[in-house]
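This report concerns only the one structure given below.
What follows is calculated from the coordinates using simple rules that are stated; it is not laboratory data. This is a predicted model, so every value here is computed, not measured. Ideal geometry is used to build each Cβ from the backbone, glycine not excepted, and the neighbour counts take in all protein chains shown.
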Amino acid sequence: QVSAALREGRVTPTELCQKCLSLIKSTKFLNAYITVAEETALKQAEESEKRYRRGQPLGVLDGIPVAVKDNFNTAGIETTCASNMLKGYISPYNATVVQKLLDQGAVLLGKTNLDEFAMGSGSTDGIFGPVRNPWSYSSQYKEKSVPKSHSEDKESNWVITGGSSGGSAAAVSSFTCFAALGSDTGGSTRNPAAHCGVVGLKPTYGLISRHGLIPLVNSMDVPGILTRCVDDAAVVLGSLAGHDPKDSTTIQDNFKPFELPNLTDVSKLSIGIPKEYHAPGLSSEILALWSKAADLFKNAGAKVIEVSLPHTRYSIVCYHVLCTAEVASNMARFDGLEYGHRSDMNESTESMYAATRREGFNDVVRGRILSGNYFLLKQNYEDYFVKAQKVRRLIASDFVKVFRSGVDVLLTPTTLSDAVPYMEFIKEDNRTRSTQDDILTQAANMAGLPAINVPTALSERGLPVGLQFIGRSFQEKQLLTVAKWFEKQVKFPMIQLEVVKKHDHGVFQHQKSASVS
Amino acid sequence: LAPWVPVVGLEIHAQISSNSKLFSGSQVQFAAPPNSLVSFFDASLPGTLPVLNRRCVEAAVMTGLALNCSINKKSLFDRKHYFYADLPAGYQITQQRVPIAVNGSLSYSLCIDNKMSQMVTKTVRIKQIQLEQDSGKSLHDDTRSQTLVDLNRAGVGLMEVVMEPDMCCGEEAAAAVRELQLILQTLGSSQAVMAEGQLRVDANVSVHHPGEPYGVRTEVKNINSIRFLAKAVDYEIQRQIEELESGGTILNETRAFDSKLGCTVPMRDKEGKQDYRFMPEPNLPPLILYDAKSLPANMNHQQVVNIDWIHERLPDLPSVKRAKLVEHYGILPEHSFTLLNEDGLTEFFENVVKETQMKPKKVIGWILKDLLGYLKQHSLTVKESPVSSLLLADLLNLLEKKEISSTAAKQVFAELWKGEGKTPLEIVKEKKLELMQDQKELEEICQAVIDGHENEVITMVL
């Protein structure tokens, strides 16, 4: 809708950009952004405006303000991964996905906050502090204390965004941008999308280039897309997907961007409900919502069947082994020599390495490195790494079997509960939290499958709850088509944020989406 | 004392001759300004990914085929982890689980004695050939307590050729490496110049008594020439024998060859065994190679490496070249070895043969004794020879036509060597070295000699 508005001249790219930048300033207490690239964004907006005036916009994304998670390389703009190790690091190149967005004329507003090196499920463990869920300040949230102002000290009951792409989710949710990039390794895009009430898409592994995405687990990472509606996600996907010669794990097949059909007849659809996703700790609220969603499909004529993915319960422990092993490997390059933080310790190269890495990494990162190195030791390799790879194969096969039996799309919850207050979240450590929170999302990364969170309803506390659809490999079109139908049925309410209303000149309030509908 | 059986195996790293590095597009060039050939990937900037260089794969396949290996149609890449200043990523990408080629062999020849008159052929098994990244270079500046790191070499493609411990002494090791060097240079897969670091050899040495299991082996590094290789291996064999005979033990350690002292010394930085924590390289799918049979019909030529296609285009290997020389020119096998061993000598020889009536069997003597002798004396390469093949051919023609004697010819050759631009004919005329053909004139000279030495003649007749 805003894209149409740009084309019709009802709003200009610079106006749009300025509004977003101003809103970012007003929502600073959310701590969603690490770096705001005001100057470059305005320049990009100006360029976009020139193109619109000539009647030659580059595409639907021309002039659209976007934000990018701070683990994507952006040339000339600091890329920190919310870590001391890369504080002040200015990359000389753009990640392929960033370049693609810029080539389409998108306006890059800034880099969003995350858990350090994308390790976490709360966006609470980065050096720039935690991200606050915008819904904490919505009129719908029932537990916040009466606000005197926007001062952060008053609301001690603010809830987390989920993670690790919490900054991106919060940015989209609070209307400071129209789309954001996150990353997803164990659920890091879908989890915060669910908690912040936005659409979070994890594409099939190999569809979108990882070149320039600072890796967590190379064999599971994907760039994630966060938007306010499913159509927008399809548009962004269309501009990002496709083979990249710089990334040897992207598939060679030609990718054709698609427009989502408006599905009306779901009678030919087969929805699978995996029973193992009725996980321990799943709130009764979400269980009920899940059930209601299944009924929604059934009543509309779709075939809804219970299926089994028997190895689901092993995915977390399997993930721990494989993730930490890759982390130990990927973090080996941070030695302080070529770039990033370098300790003042200079008695010997080794002591410099040790001090640099102790100073540069937080406990979470260091813990994973130590675990990973343990699993990769010669005497442990077979028992842990190889075993985990075998279990991974089994997990992936579970999905293959189910999809082969005729199921088109799986329907599961995305999270175990709605967003918890920060004070409660930090009572448990990062590893415990990750173990708990990744359970519903992790298996899709194991199997490399596409998955999407669709905001479904508000919880009793007035916070967003989303449901997840998991699709077949490279069948994003089908997955998003079903997701779009569902989105239309549930009519998830828009967030009511005072600060947004103040900024609004009709652009944000009525126009939730960026795309042409 | 019971005899000792020395056992020598080799690990050879050959730098692949290619325009760009194994996994990145930066250039491969010797002696460029420090850190001028470093791409983002080479510097291990976060977020960069490896992209396999096709030329490097072809070089490895060529080499594998030339060494009679089985080429693995599916090979894998792994990460080998250790921290070092010249390894920016903290790991090297190599092929530990399944390398590109396995189970080959290399035949090489040795002289039984020093006169190059009897050659014997030996074979060493090639365990495997694997593709891997080269590291950068680090220079330790002890006076300023700092290490200078140059990443130009980081990421250059290497072929590691592993030779089984089938060799028994320095001479064998040297001969095997020399032959490998020739093969690589013939293929063009590596320029294999040891002085430029394009060929690096580490030797694994152990000794044992016949019938007993192999002894503890040491690894000898820092060998900078083929000559030093022979020296290092022989020294180490001797050192181990002496150590064991005096009741000591051999440590499984890494030793460096000190060329000045001519001995091996323990290297400081290897403390205990290193666990490299090998892990599959997740950013590179398995390397799939095809042959004529397995090549899918509609596959893009640019995207695949066809083993059979490469096989068909292999040039003549040294052993084949030598056999052809022997057959074609009727020279001895030993001669063919020397011809191939000197860069450009075969060409020189063939050019001379083309331009002269003298039989190749005679020409070869001039090439190997006279020309080569002078070159060695003055430490010159064939390319730097002041005597060109044409000049030598002219000279040999004079000799062949019996216009000069062989002694005279040698004199002319010495003159030609001065490189003053005179032709053989000019020198002959200048020095009056022509053989006299006039019968009458010769008779007069002989008579004069006899007349002048009556007593000697009478003594001789009696």
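Details
- The antiparallel fraction among DSSP beta bridges confined to chain A stands at about 70%.
- Inter-chain neighbour count for B:86-97: the average number of beta-carbon atoms from partner chains within 10 Å of each residue's beta-carbon is 3.
- Between the residues B:Ser225, B:Phe413, B:Asn252, the greatest Cα displacement towards the positive end of the dipole of the protein assembly as shown, with unit charges on the Cβ of Lys, Arg, Asp and Glu, is found for B:Asn252.
- For the pair region A:3-37 / region B:394-443, the C-alpha centres are spaced 95 Å from each other.
- Candidates B:Thr459, A:Phe175, A:Ser164 compared by Cα position along the dipole of the protein assembly as shown: farthest toward the positive end lies A:Phe175, with charges placed on Cβ.
- Counting only the Cα atoms, the protein assembly as shown fills a convex hull of 244 Å³ per residue.
- When the helices of the protein assembly as shown are scored as -39500 (n - 2.57) per DSSP H run of n ≥ 4 and the total is divided over every residue, the value at 222 nm lands at -10500 deg cm²/dmol.
- 3J(HN,Hα) couplings calculated from phi for region A:297-314 with the Karplus curve 6.51 cos²θ - 1.76 cosθ + 1.60 (θ = phi - 60°) are, in sequence order, 5, 4, 5, 7, x, 6, 8, 10, 10, 7, 10, 10, 10, x, 8, 3, 5, 8 Hz; Gly and Pro show x.
- Share antiparallel - DSSP beta bridges, the protein assembly as shown, percent rounded to 5: 85
- P(r) of region A:314-460 over all Cα-Cα pairs, binned every 10 Å from zero, in whole percent: 10, 28, 29, 23, 8, 2, 0
- When the trypsin sites (Lys or Arg not before Pro) in region B:251-340 are filtered for DSSP coil states and for at most 14 other beta-carbon atoms within 10 Å of their beta-carbon, the remaining sites are B:Lys260, B:Arg268, B:Lys270, B:Lys273, B:Lys293, B:Arg313.
- Members of B:Lys231/B:Lys354; A:Lys50/A:Lys477; A:Lys19/A:Lys111 lying beyond 29 Å, as alpha-carbon distances in this model show: B:Lys231/B:Lys354; A:Lys50/A:Lys477
- Averaged over peptide A:244-250, the number of partner chain Cβ atoms lying within 10 Å of each residue's Cβ comes to 4.
- For chain B, the longest piece that avoids every one of the GluC sites (Glu not before Pro) found in DSSP loops with at most 16 other C-beta atoms within 10 Å covers B:1-252.
- Bridge type composition, region B:201-337 - antiparallel percent by DSSP, nearest 5: 65
- Enclosing the Cα atoms of region B:331-431 in their convex hull gives a volume equal to 89 cubic angstrom per residue.
- Rounded if a/c under 1.5, otherwise prolate or oblate - region B:8-61, Cα gyration tensor axes: prolate
- Equivalent ellipsoid, region B:286-370 (semi-axes from 5 times Cα gyration tensor eigenvalues, Å): 42, 12, 11
- Multiplying the residue separation of B:Gln118 and B:His209 by 0.36 nm and removing their Cα-Cα distance gives an extension gain of 29.9 nm.
- Quick note on chain A: its Rg to Rh ratio, both from C-alpha atoms and Rh being the Kirkwood radius, is 0.95.
- At most 13 other Cβ within 10 Å, DSSP loop - trypsin sites (Lys or Arg not before Pro), region B:352-423: B:Lys401, B:Lys402, B:Lys418
- Chain A: relative contact order in percent, alpha carbon pairs under 8 Å with at least 6 residues between: 19
- Cut-off under 5 Å, modelled amide H: who pairs with A:Val159 long-range: A:Asn133, A:Ser136, A:Tyr422
- Cα Rg, Dmax, region B:5-288, angstrom units: 19.3, 61
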